[in-house]
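The values are calculated or read from the model by the stated rules, or taken from the named source; none is laboratory data. Here the structure is a predicted model, which means the values were calculated and not measured. As a convention, Cβ positions derive from the backbone with ideal geometry for all residues, glycine included, and neighbour counts pool all protein chains shown.
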Amino acid sequence: MMSRNAQRRNACNRGIGTLVILIVLSLALAGCDTALAALTDSARPTDVSATDGEYETQVEITWTAPDLSSEEDEKEGSSDRQLLRYELERQTMTGPLIGQTHLVYDIDAGTTEYVDQGLQLNQGILYEYRVRAVFSDETQGVSRPDTGYAITAGDIQLGSSLGRSEYVYNTAAAHATADSKVWFTFLAQQGWRYQVQAETSPAETTGVRLLSEKELEPAPENISEAGSIFTAERSGLHYVELHGGSGTVSVRYLGAE
Amino acid sequence: MDRRLVLIGALTVVTALGAAAQTAGGLFLAGEVGIGIETDDLVDGSALGGSLGYRFPGGLLLVGSYLFAGTDFYYFEADSGWQQAPSWSEVPSGGSRRGDWIFYRQRHVVGMSAGLSGRVGPVGVFGTGGLMLNVVSLSDAEDYYPEFTEAAEESSIAGGRTLTTTTVRAGLVYPARGSFAGTLSWMVNFDRIADAATPSYFQRNSLVVIGVSIQAGGGGRG
């Protein structure tokens, strides 16, 4: 049978052991917290905005510089740190190179915009942009992302009958992209029905899609084949994307359901 | 501080402002709401805007004004084609909110007029005449829906986007000598003189305008 002193020693040892574990856990958590703070710095570029189809061969990205005079930074005694430069990260969200990341180093700390040029062969590809601020104390602040894309799209004038609206297209034309796509754009009214008609050649290799403007992804009311009638779920610009071959495309409206 | 000194100081400031407001010349600004007697092509049931004017010695007035004269909504039906709705509530919008509706036109009135002003006791009176440029602007849908554009232009002023008309206006200002004053006036916008003999011509082309003016240049209104 264990003596009372031995019981006391065991209890004491258990207490010390628990204390040591708690201290180690606290230090580990504090270390993680510091590391996490360095990764997710409170001072980061904000209001990142990338253009959505406003230019044919480029995307313009703008942002607001990180606020280094924030209360949190001053508390940490880091108000004297300097912004060294920006880095821009571009991730491909659609197309054959989906997931590919491109990094632009060394954007001057005094600027808050960058023009991503040379996208003539990558029109209609959706990109996600993040801006990273690099500071003199080796910390970084990464912005929230925004999507953008470049595109060449001709306006379509719609008619109440298909005969009033007919546009010739040719995916082999000079303005078509490397993967043989062309786009037309039109303004849709929420709740209205539209019919996209495409006379294509050769029929087996051509297709038509309806894309929403902001995300350049198939609109919720996406059409899978030419001639189908869809109802616009929101008001705003829509793209008709045609791939392969050549022919004519027209869009007519039928009004509210 | 002695209350009497404060009172004397306040009275001196008020008197000085009053004296300043009685000087002959002056720039004034006015915010105005126009209420149509009867809706017509130029001005809807109501209009909102303002005036910027100058009163020369002798009571001569020169006034530039702008009124936002309303929004008209259009819709399409397979049976009847494009129609102008009497009001937003009568648009078969299918649940779309007003801000999401892409088929509309807006009316603007920009004017320049000259006239005379005077005072009858504490009340100022004025009368002006001049030219009004009536402008219709279509929504972005005009780039994509040519049939909507045709319909909106056909039913608009003189079948186009702009129309120059003559206008006369007469009104009252109270108080006539204040730096701030209320205004009440009657404005007739003569759109098509050939229609002047029609019974409702004046009702259709008249606006009652209520406004608040501020003397910005130190002169009095009269």
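Key figures
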read-out	value
Single residue of the range B:75-101 satisfying the filter (small (Gly, Ala, Ser) and within 26 Å of the chain's Cα centre (by Cα)) that is farthest from the other protein chains (Cβ to nearest Cβ)	B:Ser87
Count of the range B:28-55 residues which are surrounded by fewer than 21 Cβ atoms within 10 Å (Cβ to Cβ) and either basic (Lys, Arg) or at pLDDT 90 or above (or both)	8
For B:Glu150: the one exception among (1) surrounded by 15 or more Cβ atoms within 10 Å (Cβ to Cβ); (2) within 14 Å of chain A (Cβ to nearest Cβ)	(1)
Which listed residue, of A:Leu103, A:Leu121, A:Leu88, is touching a residue at least 24 places away in the same chain (Cβ under 8 Å) and part of a strand (DSSP E or B)	A:Leu88
Matching residues in the range B:130-145 - criterion: being in contact (Cβ under 8 Å) with a residue 40 or more places away in the chain and either more than 15 Å from B:Ala170 (Cβ to Cβ) or surrounded by fewer than 17 Cβ atoms within 10 Å (Cβ to Cβ) (or both)	B:Met132, B:Asn134, B:Tyr145
Evaluation of B:Pro86 against (1) assigned to a strand (DSSP E or B); (2) at pLDDT below 90; (3) of a type outside the set (A, V, I, L, M); (4) farther than 30 Å from B:Thr183 by Cβ (one fails), failing number	(1)
Condition check for A:Ser143: under 16 Å from the mean Cα position of the chain (by Cα) and of a type in the set (S, T, N, Q)	yes
Condition check for B:Gly124: surrounded by fewer than 14 Cβ atoms within 10 Å (Cβ to Cβ) and either at pLDDT below 95 or polar (S, T, N, Q) (or both)	no
Every residue from the range B:159-201 that is touching a residue at least 60 places away in the same chain (Cβ under 8 Å), surrounded by 14 or more Cβ atoms within 10 Å (Cβ to Cβ) and over 18 Å from B:Leu131 (Cβ atoms)	B:Arg177, B:Gly178, B:Ser179, B:Thr183
Tabulated pairs, the range B:102-129, first closer than 20 Å to B:Thr167 by Cα and away from chain A (no Cβ under 14 Å), second of a type in the set (D, E, K, R) and crowded, with 17+ Cβ neighbours inside 10 Å, C-beta under 6 angstrom, 6+ apart or interchain	B:Thr128/B:Arg169
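One line per residue, one yes/no per condition, for (1) modelled with pLDDT of 85 or more; (2) more than 14 Å from chain B (Cβ to nearest Cβ); (3) surrounded by 15 or more Cβ atoms within 10 Å (Cβ to Cβ):
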site: A:Thr139; (1), (2), (3): yes, yes, yes
site: A:Thr147; (1), (2), (3): yes, yes, yes
site: A:Ser161; (1), (2), (3): no, no, no
site: A:Val168; (1), (2), (3): no, yes, no
site: A:Thr171; (1), (2), (3): no, yes, yes
site: A:Ala174; (1), (2), (3): no, yes, no
site: A:Thr177; (1), (2), (3): no, yes, yes
site: A:Ser180; (1), (2), (3): no, yes, yes
site: A:Phe184; (1), (2), (3): yes, no, yes
